[in-house]
Every structure is written in structure tokens, then in C-alpha cells.
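The values are calculated or read from the model by the stated rules, or taken from the named source; none is laboratory data. This structure is a prediction, so every number in the text was calculated from the model and none was measured. Please note: Cβ atoms are built from the backbone with ideal geometry, for glycine as well, and neighbour counts cover all protein chains shown. Heads up: the accessible areas ignore ligands, DNA and RNA and are worked out on the full protein's heavy atoms, side chains in. Shrake-Rupley method; radii C 1.70, N 1.55, O 1.52, S 1.80 Å.
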Amino acid sequence: SGESGAGKTESTKLLLQHIMNLCKGNSQLEQQILQVNPLLEAFGNAQTVMNDNSSRFGKYIQLRFQKNTVRGAKLSEYLLEKSRVVQQDTGERNFHIFYYMFAGLSSEQKEMYGLLDPSLYRYISGRFGTQDVAQRWKHKYQEVCNALDMVGFHEQEQVDMQAILAGVLSLGNVTFEPEESNGSVKVSEASQGWLKAAAVNVLIQLVCCVPYSPMSPSVSCCCSLCTDARDSIAKVAYGRVFGWIVCKINELLAENVDPKVELREIGILDIFGFENFAVNRFEQLCINLANEQLQHFFNHHIFQLEQAAYKEEDLPWETITFNNNEPILNLLLAKPLGLLSLLDEQSAFPQATDKTFVDKLNSSFKGNLQFQPSRGRVLGFSIIHYAGKVQYTAAGFLEKNRDTLPANVRGLFISSVTPLLSVLFTGKSLCYNRASHMNQGPPWQELGVGMRLHSLMVLMERMYSGNPHFVRCIKPNRQKEPGVVDSQVVLLQLRYNGLLETIRIRRDGFSWRPSFEEFAER
């Protein structure tokens, strides 16, 4: 754990290499476990203000052992930040894979996928790198292609996958305008070419069938609905591709042993770090909530269980107090009046808006020391997290929590001429069994964010029964510079992480505990 940019993903890679080196087992499997990283980073990482290679999803890697030899592995992914596909703030980029494609594809391949100059695409904000950066991306694209081959993606699957990504980019350039004859909304003349390039021509009937009448919303509102539908399609398509890649990786790494054989397991959890940007949205709330849970898990093991053991054995011990973040978790997770419960409740009301949601929070948490209403014109609120105060902008909270896709759009995907797209949305694919729990409920509903957060909480509960080791990553400076240590930045992290108290409990406590047999033997 640690802040965004503190080195969690790099530490995870080093830890994996170290474990593989220690067990000297099935060298091919070990190589495969290490080689899937470029693939996950290309599709799941992006440049942010805090980190040039920031994980925009959480991952849990389970290594399965038989007699100290790795026999298999499984990867679980949590909360991919799909909204990044359609929007990035200043100084940030979309997922790496889009830039790698522009740098690595030949002119003929770009023509085949209908890709033009990268500066034209709205979803990557027209931002591209210098010549040196493009050269590095070209090399990264080659790494991705090698990883795809190694994992076992067929050539046609790779072509389909890149066609979907190119289609997503073209879709972002489709705009809408009023149809003067009947008052409905149509794809603007200027973006007909982009619609063709997106290879989803049926969208013409699909996102523009919002007829205008005096009783219905204004045409500008209908244009906005069409824009939202377009962005939903892009986010869902990308999310499904990412989930499919993870499933294919798991097929490759699955253990091939007799089911009766008991395997032992080491699990490594590498999640997105705590974030506090100039503008913090729904995604930052989810990320910071996950970090609050990890901090609580750490406190529970290092302080509560440890000191309870001393008390139980009547050891002379002066209790060490620590910064308990339970009140913040209650604010966020309590039922029925925690922030997430209130968000789900508001999301269920068609008439609810981000403003009604914020009003509800202000009235429910009046007097709560962990919550502060927003002062100023921006609709939002602040939460006093264990790592400090974060101000959240409430715009888009309800929409992102609903994460819905109209049923007719789903039907369109299922009947797509791109075989992979059809497979991803029927859930029939052997590989996309993850979809089995997605298909409960209405067919247009993606798994709600609250539910996806719940899956991360279930993982945390499982971890309470394990024997955890904590790797705390400390960020040396805020400038992303190597070899520079800013002692104030470091001290702040040591304080809010509870590491100063941890040092005290390790120094004054009883860290070496031999069994009675070991002691007597000695």
C-alpha cells in the first residue's frame, strides 16, 4: 500500500520475481506469470498527474504452491477506471494501449483499422508525445504483441480487439444535432465519417431515436442523452475487453493438478494508491475508500490483535494508541445511512440529481466530524480521510454509480459483425465466465459500482483470516524525480500511515515469539 506513485506496482513485480527465484520450479509457468505484466499495464495503467504509470485498477495475484513449487496462478481485477476512456483531466492521458497502437501499428494496419492522425481524436484529447516518447511507445507495443502471443490470443482475436479499440476512439468523435423536420436528434453531418469508422452504423437508429415533443426534454437535452449513450458504449466495450484479457490470462496460468491435492497459497494485493487531485471525482472516492479499508486492516493486525495478545498473557504493557479510521469507514459504508447506501438509494430514483444527492449527504451527516459540506459554488463535499482532507466534486456521481447500458445497445453488440464483440456481450464465451454474475438482473445493467466495491470488501474479509505481511511504499518527493528525498513529504506519510506507532510497538513489544518447544530446545 501507499500513495499513488509510491512504487506499489514495481514492488509487486520485484516481489513476484523474488518468490519465483526462491522456488526454482516450473520455469515456463514462472516466466508466463512474470510476462503477463506488460499486457495488464498497457490496458490497465495510465499517466496521471501523480504517476506516469499509474494502475487504474486493483489486482490480486494468487500463487498456488505444491511442495514449494508454483503450480498455478490466478488474477482478480477490481474497479477498472472505465471513465478514463472518455475523459481525462489536464496533464493526464488515456490508457497506455491507445498511444502504443498509434506508435506501433504500420501505415497499412492503421488504414485497416480506420485510424487517422492521433491529434484528431477527442478521447485522447489530441495529446501525443515527442519523437522519443513515440519510439518508447513503439517498443512497448511490441512487448504487448509478444505478451498477447505468449498468453495464447489467436491472430483473429488480436485483430478484433484492436478493431474494437479503434472503433472506441472513432465513436468518441461522433456528435449530434437536431433533426429540423421532426424535432428528433441525428448524428451531425460532420461526424458521419467517424460513425462509419466506428463500424457501428446501427447507432444511427440507436442513439438518435429520442423524438422531441413539447412534453419531452429539450432537443439540447436529447443531444446530451445521445452523448451519454455514446460514452457509455465506449466505456462498457473497453471494460469488457479488459475483463476478457484477464480471463484469458487465468486460463493460461491455471494449475494442472489433481483436484484432491491441497495447494498452499500466497496472495499479493496491489491496489491503486490514495489520491488527492485538484479535482476529485467518483473514481477517487472509490480508490480512497479501498485505501481506508487497507489502513483499517493494517491497524487491526498491527495494533489491536498484537496488544490483545499481550493483555491476554498478562504482560506488563502500556497501551499504544493509534489513529483508528473506523469512523470514516462507518461514514462511507454504514447501512442504511452510509454515503454509498445513500448514493445507491438516490441512483434508484429517476428524478434524483447530483444536487439532491449532495443535499441528502449534508442533512444526513450534519455534525459528523469526518464530513464537511462544500463551501463555494462547486457542487460537492469533503471527507477527512486517514491521509488528509479530500474535496470531492459531486458532478457525475449518480451517472457513474448507475453505470447502465440501454438494452437495445446490448442487442446491437450481440449481433455485431466483429465476432469478439458479440462474444463479450453474450457471456457465452468460456473465457468470459466472469459475466455469469453480471447477467443477474436486467440485461442492460452493468454490475453497479457499489456491487463491484462489495467484491473488493469480500476479498478484504478473506484476507483477515490469512497471515498478512505489509509492504508500505513511501513516496520520496512530489515531483516524480529519482534520487530526491523530501523529508517533510516522507514524514507526513510515516505519520498518517501509523508507521511511527508501528516502530514503537515493534521496539517495545515482543516481536520474536518462539514456541515453548523451540525455547526449551534452545
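Each Lys and Arg adds +1 at its Cβ and each Asp and Glu adds -1 at its Cβ; summed about the Cα centre, region 251-357 shows a dipole of about 480 debye.
So, with a 1.4 angstrom probe, what is the percent of accessible area on region 448-522 that is carbon and sulfur? Spell out each step's value before the answer.
Numbers: 3080 of 5340 Å².
Accessible surface attributable to carbon and sulfur in region 448-522 totals 58 percent.
Coupling constants for region 268-279 follow from the phi torsions by the Karplus curve (6.51 cos²θ - 1.76 cosθ + 1.60, θ = phi - 60°), and in residue order they are 10, 9, 10, 10, 3, x, 4, 10, 8, 9, 5, 10 Hz; glycine and proline get x. Each residue was assigned an accessible area with a 1.4 Å probe, and for Val236 the value is about 0 Å². Note on surface exposure: His300, His385, His454 rank His454, His300, His385 by accessible area, highest first, 1.4 Å probe. Approximating the spin labels as points 7 Å out from Cα along Cα→Cβ, the Trp512-to-Gln135 distance works out to 5.4 nm. Taking the Cα centre of region 277-413 as origin and assigning +1 to Lys and Arg Cβ atoms and -1 to Asp and Glu Cβ atoms, the resulting dipole is close to 900 debye.
Heavy atoms only, probe 1.4 angstrom, no DNA, RNA or ligands counted: give me Trp244, Trp317, Trp512 ranked by accessible area, highest first. Could the numbers behind the result be given before it?
Working: Trp244 5, Trp317 60, Trp512 170 Å².
My answer, sorted largest first, is Trp512, Trp317, Trp244.
Per-residue 3J(HN,Hα) values for region 34-39, derived from phi via the Karplus relation 6.51 cos²θ - 1.76 cosθ + 1.60 with θ = phi - 60°, read 6, 7, 6, 4, x, 5 Hz in sequence order (x marks Gly and Pro). For region 35-101, which whole-number percentage of the solvent-accessible area (1.4 Å probe, protein heavy atoms only) is attributable to carbon and sulfur atoms? Looking at region 35-101 in its full context, I get 42 percent from C and S.
Put the Cα centre of region 30-100 next to the Cα centre of region 301-351 and the gap is 29 Å. For the residues Ser515, Ser27, a 1.4 Å probe over the protein chains yields an accessible-area ranking, largest first, of Ser27, Ser515.
Accessible area per residue was computed with a 1.4 Å probe on protein heavy atoms; Thr356 scores about 60 Å². Toward the positive end of the charge dipole of region 1-144, about the Cα centre and with charges on Cβ (Lys, Arg +1; Asp, Glu -1), which of Tyr123, Gly58, Tyr113 goes farthest? Final value for the positive-end residue is Gly58. Tell me the label-point distance for the pair Gln109, Gln488, using the 7 Å Cα-to-Cβ offset, in nm and rounded to one decimal. Each label point is offset 7 Å from its Cα along the Cβ direction, giving 4.7 nm. Using a probe of 1.4 angstrom and keeping all protein chains present, the accessible surface of region 1-99 works out to 36 square angstrom per residue. Note on Thr69: accessible area is roughly 40 Å² with a 1.4 Å probe, heavy atoms of protein only. Amide H contacts of Tyr392: Phe381, Ser382, Ile383, each under 5 Å away and 5 or more positions distant or on a separate chain (H built 1.01 Å from N in the peptide plane; Pro and chain starts excluded).
Couplings for region 239-256, taken from phi via the Karplus curve 6.51 cos²θ - 1.76 cosθ + 1.60 with θ = phi - 60°, read x, 5, 4, 4, x, 5, 4, 4, 5, 5, 4, 5, 4, 5, 8, 4, 6, 10 Hz in order; Gly and Pro are left as x. With both labels modelled 7 Å from their Cα along Cα-to-Cβ, the Lys260 to Leu225 distance reads 6.2 nm.
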